[in-house]
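The values are calculated or read from the model by the stated rules, or taken from the named source; none is laboratory data. Treat the numbers as computed from the prediction; the structure is a model and nothing was measured. Every residue, glycine among them, receives a Cβ derived from its backbone with ideal geometry; neighbour counts consider all protein chains shown. Note: accessible area is taken over every heavy atom of the protein model, side chains too, but ligands, DNA and RNA are not part of it. Shrake-Rupley method; radii C 1.70, N 1.55, O 1.52, S 1.80 Å.
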Amino acid sequence: MSSSMCMADLHSIDKEAAVSTGPAWQWLPEQTRGHRFVRWQSSVVVTKYADCRSVLSDRRFGNGLRAELGAMPDIDPRFVERRRSSMLLEEGERHTRLRRLAIPALRPRNFERFRPAMSQVVNELVDRVVDQGRCDAVVDLCSPVPISVICWVLGVPREEAEFFAEVAEASTALFSGDASTVPAAMAATEKIDSYIEDLIERRRGHPGMDLITDLIAAAEAEGGKVTSTDVMTIITSLIVGGTDTTRNQLAIALHCFAERPESWERLRRQPELVPNAVEEVVRYAPTAYAMKRITDEDVELGGLLVPRGTSVIVMSALANRDDSVFPDPERFDIEREFRLPHLGFGWGLRSCVGSVLARAELSGALTILSRRLASLALDGETRWSRPDTIQGPVTLPLRFEAA
Ligand code: HEM
């Protein structure tokens with residue numbers, strides 16, 4: 001590629017294909033084959049693994065969602081400020097500080113204690129459908145899992161699950177960039193803020209065995225430099241960042257297996273393959289298939305001149321199919337050996353802080369589902385959500401036999 005390559009020279013992705021066909025990872029590879037960078041409307045799409053990693057580690061690429069939020073019409077500036085102060089949208093030093101605070105509270109041993117409860121919730125969900133031999137996996141098996149887990153992690157009763165589901169959905173909808181989602185997202189943010197604020201106050205008086213207690217302790221260890229607002233923004237980021245992603249990724253996993261009965265049977269025979277199978281699902285079909293960035297200055301990326309203020313899409317769905325890193329990338333192989341990590345949980349400055357919990361949830365659920373459901377198969381048409389920042393099935397009809 002010559003060093004004078006600019007955006008106008010790039011091959012453009014067919015916009016119709018983006019909205020009319022199924023999930024991004026099914027049609028994108030074909031549309032972008034042979035191109036290191038492509039254009040999608042006014043954005044540059046980065047397709048190769050190494051380029052994606054370097055963008056995700058480079059501070060000159062700012063948070064694209066943050067920029068999009070500010071550009072939405074008729075949006076209350078106080079709401080913009082509030083959302084921008086969350087870990088998901090914050091930048092610079094404050095962002096680093098919030099991550100530093102959250103990461104120790106999200107380490108593996110803090111989730112070990114939730115394993116039995118996680119198994120219980122998945123078993124209960126299976127109990128309800130197993131004799132019917134069919135279900136809509138999105139509604140019946142996947143959506144309830146992360147919400148229940150969030151309740152345990154925060155140490156609140158499971159009756160609160162509906163509330164979290166509602167606020168998480170309204171908050172995530174905002175990332176579609178659709179202005180009609182703003183009023184519901186504003187109302188949801190207000191509700192969740194006051195709920196969490198109240199919870200923090202209660203935990204200060206009565207510490208528990210939960211993430212809020214852990215975060216308060218971590219904040220106190222920082223010598224009072226961390227405020228209740230910091231703790232609150234972390235918690236809400238975890239609810240918003242960890243709900244839709246996990247339920248979509250679990251549904252995608254079941255779709256992958258329902259299309260490949262031999263892999264499902266393999267998993268049933270060899271449950272020790274589950275953790276690797278989770279990695280393969282997230283590589284092959286990442287729900288967070290596109291990460292949005294914006295250039296803070298003119299940048300040269302692999303010979304491409306990207307002007308300041310350009311929206312850049314880091315396409316993990318394509319990076320995860322880069323055959324220089326993942327041989328035979330179109331093959332779904334639950335025994336794949338990973339020389340380098342896939343980008344389904346991001347990379348670098350903003351990589352997923354909840355990936356330990358997400359992996360535990362996906363592994364826990366797949367272990368139980370594969371133990372209890374035999375002959376998994378698609379039972380009608382899967383409908384997919386539009387390609388926003390995350391994608392997954394809206395309905396996933398499955399049939400199975402009780403094992
Ligand atoms: C299978 C489930 C999940 C997937 C596929 C996923 C994927 C991702 C990805 C790709 C990013 C990076 C976004 C970017 O660079 O723009 C991210 C960030 C994030 N994730 Fe996850 N995630 C999952 C579950 C979770 C869970 C369970 C939590 C919380 C407990 C969580 C909390 C977050 C937060 C707070 C961020 C923002 C980090 C930052 O901006 O510094 N995620 N996630």
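In the stretch 165-218, of all residues being small (Gly, Ala, Ser) and open to solvent by less than 10 Å² (accessible area, probe 1.4 Å), the one that is farthest from Gly64 (Cα to Cα) corresponds to Ala188. Looking only at residues of the stretch 65-98 that are outside any helix (DSSP H, G or I), without any contact (Cβ under 8 Å) to a residue 60 or more places away in the chain and within 13 Å of the ligand (Cβ to nearest atom), we find that the one that is surrounded by the fewest Cβ atoms within 10 Å (Cβ to Cβ) is Glu91. Against the numbered list (1) open to solvent by 10 Å² or more (accessible area, probe 1.4 Å); (2) at pLDDT 90 or above; (3) within 15 Å of the ligand (Cβ to nearest atom), Asn110 comes up short only at (2).
Checked against (1) in contact with a helix residue (DSSP H, G or I) (Cβ under 7 Å, 6 or more places away or on another chain); (2) on the phi > 0 side of the Ramachandran plot, Thr213 passes all but a single condition, namely (2).
For the stretch 325-348, the set of residues classified as free of Cβ contacts under 8 Å to residues at least 24 places away in the same chain and acidic (Asp, Glu) consists of Asp328, Glu337, listed by residue number. None of Glu297, Glu335 is more than 24 Å from Leu373 (Cα to Cα) and in a loop (DSSP other than H, G, I, E, B) except Glu297. Is there a residue in the stretch 330-342 that is within 16 Å of the ligand (Cβ to nearest atom), modelled with pLDDT of 95 or more, open to solvent by less than 40 Å² (accessible area, probe 1.4 Å) and not charged (D, E, K, R)? Within the stretch 330-342, one or more residues are within 16 Å of the ligand (Cβ to nearest atom), modelled with pLDDT of 95 or more, open to solvent by less than 40 Å² (accessible area, probe 1.4 Å) and not charged (D, E, K, R). Might you let me know whether the stretch 227-244 holds any residue that is under 30 Å from Ser4 (Cα atoms) and buried (at least 18 other Cβ atoms within 10 Å of the Cβ)? Within the stretch 227-244, none of the residues are under 30 Å from Ser4 (Cα atoms) and buried (at least 18 other Cβ atoms within 10 Å of the Cβ). Where helices (runs of 4 or more DSSP H) fall wholly inside the stretch 198-279, the ranges with 3 or more residues that are farther than 27 Å from Cys142 by Cα are 211-221, 228-258. Could you look through the stretch 256-305, keep only residues that are of a type in the set (Ser, Thr, Tyr) and within 11 Å of the ligand (Cβ to nearest atom), and pick out the one that is nearest to Glu169 (Cα to Cα)? Filtering first and then ranking leaves Thr287. Restricting attention to the stretch 246-255, does a residue exist that is more than 20 Å from Leu106 (Cα to Cα), open to solvent by 10 Å² or more (accessible area, probe 1.4 Å), more than 10 Å from the ligand (Cβ to nearest atom) and in contact (Cβ under 8 Å) with a residue 24 or more places away in the chain? Looking for residues that are more than 20 Å from Leu106 (Cα to Cα), open to solvent by 10 Å² or more (accessible area, probe 1.4 Å), more than 10 Å from the ligand (Cβ to nearest atom) and in contact (Cβ under 8 Å) with a residue 24 or more places away in the chain, one finds at least one in the stretch 246-255, hence yes.
Residue count for the stretch 350-359 under the criterion of being more than 7 Å from the ligand (Cβ to nearest atom) and open to solvent by less than 60 Å² (accessible area, probe 1.4 Å): the result is 1.
The rows are residues; the columns are (1) more than 25 Å from Ile390 (Cα to Cα); (2) not in a helix (DSSP H, G or I).
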site: Met118; (1), (2): no, no
site: Asp127; (1), (2): yes, no
site: Asp131; (1), (2): yes, yes
site: Cys135; (1), (2): no, yes
site: Asp140; (1), (2): no, no
site: Ser148; (1), (2): no, no
site: Glu169; (1), (2): no, no
site: Ala173; (1), (2): no, no
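Between Ser375, Ser370, the distinction of being in a helix (DSSP H, G or I) and among the polar types (S, T, N, Q) belongs to Ser370 only.
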